[in-house]
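The values are calculated or read from the model by the stated rules, or taken from the named source; none is laboratory data. From a predicted model like this one, the values you see are computed outputs, not experimental measurements. Every residue, glycine among them, receives a Cβ derived from its backbone with ideal geometry; neighbour counts consider all protein chains shown. The area values use the complete protein model at the heavy-atom level, side chains included, leaving out ligands, DNA and RNA. Shrake-Rupley method; radii C 1.70, N 1.55, O 1.52, S 1.80 Å.
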Number of protein chains: 2
Amino acid sequence: MVDIARLAGVSVATVSRALTGSPLVTAETRERIEAAVRQTGYAVNPLARGLRRQEARQILVLVPDIGNPFFSEVLLGIEEEAAARGFSMLVGNTAKDPAREDRHAGQMLTGAVDGLILLNGRLPPRLQRDRDFDGWIVAVSEAIPGGRVPVVGIDNAGAAAAVVAHLAGLGHRRIGHVAGPESNILTHQRLDGYRAGLRAAGLKPASWLIRHGDFTIPSGEAAMTSLLSLPAPPTAVFCSNDEMAIGAIRALRASGHEVPRDVAVAGFDDIQFAGTYEPPLTTIRQPRRRMGAEAMALLGRRITGEPGAGGDVTLPFTLVERRSSVG
Amino acid sequence: MVDIARLAGVSVATVSRALTGSPLVTAETRERIEAAVRQTGYAVNPLARGLRRQEARQILVLVPDIGNPFFSEVLLGIEEEAAARGFSMLVGNTAKDPAREDRHAGQMLTGAVDGLILLNGRLPPRLQRDRDFDGWIVAVSEAIPGGRVPVVGIDNAGAAAAVVAHLAGLGHRRIGHVAGPESNILTHQRLDGYRAGLRAAGLKPASWLIRHGDFTIPSGEAAMTSLLSLPAPPTAVFCSNDEMAIGAIRALRASGHEVPRDVAVAGFDDIQFAGTYEPPLTTIRQPRRRMGAEAMALLGRRITGEPGAGGDVTLPFTLVERRSSVG
DNA sequence: TTGTATGCGTTATCAG
DNA sequence: CTGATAACGCATACAA
């Protein structure tokens, strides 16, 4: 910057002003400075600026598994909105490990990042005690226990109920459910919606039609296999995510059943391969990319202290009817 | 830090030395300082440290599409290795847009990041002219034209040849190929391998058995449809990635062919759903996570100036034989 | 072994 | 409108 100043024949203070778009600079002076910048290829040092301004213009996203397509699509939305707002995106993989969560969360304390987006369903331990950062944390998809963190997501219970309504509308009366892990908030929201959907269709929720998986394909296979061993197996199954639905279909196929003729199957999320699978999967489409973008927008507003920052954001979902349920 | 100094009754310089692990500190003094740190929850400001040391302890990964499972798994490997080495990972989505590439690449020039990992097959324009950063750039999977950047990946030609050998070994004599985009380096490497594999099996490469797609499912469908319209369609098809292989299978199914009975299909990459698809896909498994980790390790060594930094890294691939080819 | 002083590159305050 | 200068938080050369 001192070089630019010399080249343009002004002080560094003026260079700084010109570069930050201050109105206190003559058009002519500004032009000289910009010429010097172009000539030298100079670029402001973000570390120095950040140190001075006490901000980093970076945000951190904590993800349990970057490799999971659901999360990576959310990341895409976050990145685009972040870039549009002049923020860079740091990504930390936590693998649901509290120690890693804390290590990454340390970047909030040190000022390395200005905000935090959580995709992993909970606050890192050290942030649970420390409420100082509450205003700079946003969650996506999965609500954070404690209710301190605003969430950007869909109405999971409503979506689950919509799936059940669809299945019931097809004439099914024994509708099973492959739920997620017990501890997961989404599991409960979707389970509640499943029950509500049954009641709305005049059916009685029965706990023996419910199995818990862990959102993986093998767990969906195991859950379906278990359901099939029932004296009166379900004729339709709503799975809490698409991976488990694919697992369920595999189990059905392995035991000689045809989908949806013998058993209808529905998933949740509309991951990339849901529409390509054989049979294509009936599922709930979540606007993942938009969820990411909205979360970043909300966080950005909070960081820059814009007035209408707002709280929770609920986005619309879509029930996508495909061959796994409607043959 | 000044607080810590006061608390421990030493100067900030000593605190700094203690925190950076300098040997010039009494065990006893160090203990007092560490106690003060624990008590206050103090953490070093990375911006200040970075400004002083002229480093950021951050690296940037440029990805064409974060949402693509292939890339996101590589990211996972990069993140883990980066974290292990004390680096944070910034991710920039380029969508193959040179303007975005340049915007992100600017972080190299400003010193916001210490290194760059390329997953998008080319150098950002502004870095093509400027060779100053050559030592701090590493590519994964896809070689960068110009040969200035070390690549971490597999022997793509060898892998393609292995697939063809497998297909030929099954008795196929008309083996088609659905290649990637013309401009892509991987396309050419795999195309070369395909031809080499044919010759090794005593078959003659024929250009009419080759179609180009763009690595998407629909493009694979279109390519296969086109191949099927041939007077003598191939009895086996090697696709340059799994998405196109899935597209090919869809096209075959749509036109009443059964896989692999009528036509055998093989893909490349072994993405998550390759093994779950119906039929499960014969493909080449790339060690994506490890590729990411090795790339970060290489970059880390270069940044810290370790002696045996090395150049290109070629990792082993695996031919995974599944039902799409061996029925 | 520890303390003092300086500079890393910017921005903001205060004069002019 | 512009310039001089202090301060952001830390690491290091130099003294002690």
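Of B:Gly180, B:Gly21, B:Gly86, which has the largest mean-square fluctuation in a 10 Å C-alpha GNM of chain B?
Result for chain B, Cα springs under 10 Å: B:Gly21 fluctuates most.
For chain A, find the longest principal axis of its Cα atoms and tell me its angle to the long axis of helix A:185-200, 0 to 90°, nearest 10.
Orientation of helix A:185-200: about 40 degrees from the principal axis.
How long are the semi-axes of the equivalent ellipsoid of the range B:156-287, taking √(5λ) for every eigenvalue λ of the Cα gyration tensor, in whole Å from largest down?
18, 17, 14
Note the distances from A:Arg53 to each other copy's matching label point, with points 7 Å along the Cα-to-beta-carbon direction, in nm, sorted shortest first.
Result for A:Arg53, in nm, nearest copy first: 2.4.
Summing Lys, Arg as +1 and Asp, Glu as -1, what charge do residues with Cβ under 12 Å from the Cβ of A:Asn156 carry, A:Asn156 excluded?
Neighbour charge sum, excluding A:Asn156 itself: -3.
Express in whole angstrom the spacing between the alpha-carbon centres of the range A:48-114 and the range B:76-101.
When both Cα centres are located, 11 Å separates them.
Need the per-residue list for the range B:257-298: every residue with at least 20 Å² less accessible surface in the complex of protein chains than in the chain by itself, probe 1.4 Å, sorted by number.
For the range B:257-298, once contacts with the other chains are taken into account, B:Gln272, B:Phe273, B:Thr276, B:Tyr277, B:Glu278 lose 20 Å² or more.
Amide H of A:Cys239: which non-local residues (sequence gap of 5 or more, or other chain) have their own amide H closer than 5 Å, using H built in the peptide plane?
Close amide H contacts, sequence-distant or interchain: A:Val178, A:Ala266, A:Gly267.
I need the phi-derived Karplus couplings for the range B:15-25: 6.51 cos²θ - 1.76 cosθ + 1.60, θ = phi - 60°, integer Hz, Gly and Pro marked x.
4, 4, 4, 4, 6, 9, x, 5, x, 7, 9
Indicate the gyration tensor shape class of the protein assembly as shown (rounded, prolate or oblate), computed on the Cα atoms with a ≥ b ≥ c the square roots of the eigenvalues: a/c under 1.5 is rounded; otherwise a/b larger than b/c is prolate and the rest oblate.
Note, shape of the protein assembly as shown comes out oblate.
Please give the net charge around A:Trp208, taking every other residue with its beta carbon less than 14 angstrom from that of A:Trp208, where Lys and Arg add +1 and Asp and Glu add -1.
+4
If you roll a 1.4 angstrom probe over the protein chains with everything in place, what fraction of the accessible area of the range A:156-287 belongs to carbon and sulfur, to the nearest %? Working shown, then result.
Values: 2540 of 4670 Å².
Percent of accessible area from carbon and sulfur atoms in the range A:156-287: 54.
Defining the label point at 7 Å along Cα→Cβ, can you sort the distances from B:Pro316 to the same site in each other copy, shortest first, in nm?
5.3
Between 0 and 90 degrees, rounded to the nearest ten: what's the tilt of helix A:69-84 against the longest Cα principal axis of chain A?
It is inclined by approximately 30 degrees.
How much mean residue ellipticity at 222 nm does chain B get from its helices, if each DSSP H run of length 4 or more adds -39500 (n - 2.57) and you divide by all residues, to the nearest 500 deg cm²/dmol?
Calculated mean residue ellipticity at 222 nm is -13500 deg cm²/dmol.
Work out the length of the dipole vector of chain B about its Cα centre, built from +1 on the beta-carbon of each Lys and Arg and -1 on the beta-carbon of each Asp and Glu, and round it to the nearest 20 debye. Don't jump to the answer; show the numbers that get you there.
Values: 36 positive and 34 negative charges, 60 e Å.
I would put it at about 300 debye.
What do you get for the angle between helix B:27-40 and the principal long axis of chain B? Use alpha-carbon atoms, 0 to 90 degrees, nearest ten.
Compared with the principal axis, the helix lies near 70 degrees.
For A:Ala200 and A:Val12, compute 0.36 nm times the residue count separating them, minus their Cα-Cα distance, and round to one decimal in nm.
60.7 nm
Averaged over its residues, how many other protein chain Cβ atoms are within 10 Å of peptide B:39-47's Cβ atoms?
Values: counts 0, 0, 4, 2, 7, 4, 7, 10, 14.
The mean count of partner-chain Cβ atoms within 10 Å per residue comes to 5.
Where the centroid of each part is defined by its Cα atoms, how far is the range B:124-174 from the range A:205-233 in Å?
44 Å
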